[in-house]
Amino acid sequence: MSETRVTGLQRLNSYISHNATQEYLKKVLSDKKDAFVSNLVSLVANNAKLQECEPATLMYGAIRATASDLPLDPSFGCAYLIPYKNNKLGITEAQFQIGYKAYVQLALRSGQFKCINCTDVREGELINRNRLTGQIDFNFEQDDKKRNELSIIGFVSYFQLLNGYESTLYMSVEELKAHGLRYSQTYKSQYANVRDSSKWVTDFYEMSRKTVIKLNLSRNAPLSVEMQKAIRDDQAVFRSEDTPDYVDNVGDEPLIDKDKASKVAAMFDDAKIVDENVGSKK
């Protein structure tokens, strides 16, 4: 085991073992405390980058996932702790991020949704996009083999409430790249020694699905208290119990400007879109 790995785990174990921390965990987690600590230590032990993070941000970020009953195991695609280099403070912190599958889960838990989903859109599948009425028409290729040969041009999310209300949100690849550029400082700095630190770089496909679902829900859906908390907590660093700091996310939600998006996206035209089913495409 490397010195960095041992040092990182020692710092985390020392922080968690402190009497005040133990009392806090017992208070907020009750009989789930031991399992929480075991899972967190295991997660960090298997990720050298997380071992560089400040222990408090690891613990409080993990608590946000537990509070929403979301597993932190990356294989579930629900919630993540992402190392973020805070150059202002000269430290590495753990940023709490929610995956697109978590938004689907939280929506269905609310009991107000009949269905909710998202998918990529391939070349030739977008038939019409009326900006005035919001009407969007697609003709999806049904042959999987043929479809996998087509380039991805965008992503779309859809939900229907039990009362029949429906909402669809489509964003092109250019719009999504521009969104990531504007709202993720690590994505903006992908050429400056942090190329693999942003999920916009390492998993553009998942971040795109998450973005179209999150924006569709936050703009058009009735949000349960649990969903409101998830949207608030997403992409925040927690250094204490309930003080989110959006260190990598600046500004308010954008109005999508296609022309501007295309110009900005040209700066990042090498971002790979990885479809978990078929591999990578430009």
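Mind checking which strands (runs of 3 or more DSSP E) fall wholly inside the range 98-167 and carry at least 1 residues that are over 22 Å from Ala79 (Cβ atoms) and of a type in the set (Gly, Ala, Ser)? The strands (runs of 3 or more DSSP E) meeting that bar are 152-161. Evaluated against (1) modelled with pLDDT of 95 or more; (2) outside any loop (DSSP other than H, G, I, E, B); (3) surrounded by fewer than 21 Cβ atoms within 10 Å (Cβ to Cβ), Arg232 falls short on exactly one condition, (1). The set of residues from the range 102-128 being closer than 17 Å to Ile231 by Cα and small (Gly, Ala, Ser) comprises Ala102, Ala107, Ser110. On inspection, Leu58 passes the criterion of being over 22 Å from Glu226 (Cβ atoms) and either polar (S, T, N, Q) or surrounded by 12 or more Cβ atoms within 10 Å (Cβ to Cβ) (or both). The residues in the range 30-71 that are in contact with a strand residue (DSSP E or B) (Cβ under 8 Å, 6 or more places away or on another chain), among the charged types (D, E, K, R) and assigned to a helix (DSSP H, G or I) can be counted, and the count is 2.
Looking at Ile153, Ile136, just one residue is among the β-branched types (Val, Ile, Thr), surrounded by 15 or more Cβ atoms within 10 Å (Cβ to Cβ) and modelled with pLDDT of 95 or more, and that residue is Ile153. Inclusion of Val264 among residues that are at pLDDT below 50 and either assigned by TED's automatic domain parsing to the domain that holds Ala178 or part of a loop (DSSP other than H, G, I, E, B) (or both) is warranted. Determine if the range 176-189 includes at least one residue that is at pLDDT 90 or above and either assigned by TED's automatic domain parsing to the domain that holds Val121 or within 16 Å of the chain's Cα centre (by Cα) (or both). Yes, the range 176-189 has at least one match.
The values are calculated or read from the model by the stated rules, or taken from the named source; none is laboratory data. Since we're looking at a predicted model, the values are computed, not measured. All Cβ positions, glycine included, derive from the backbone under ideal geometry; neighbour counts span all protein chains shown.
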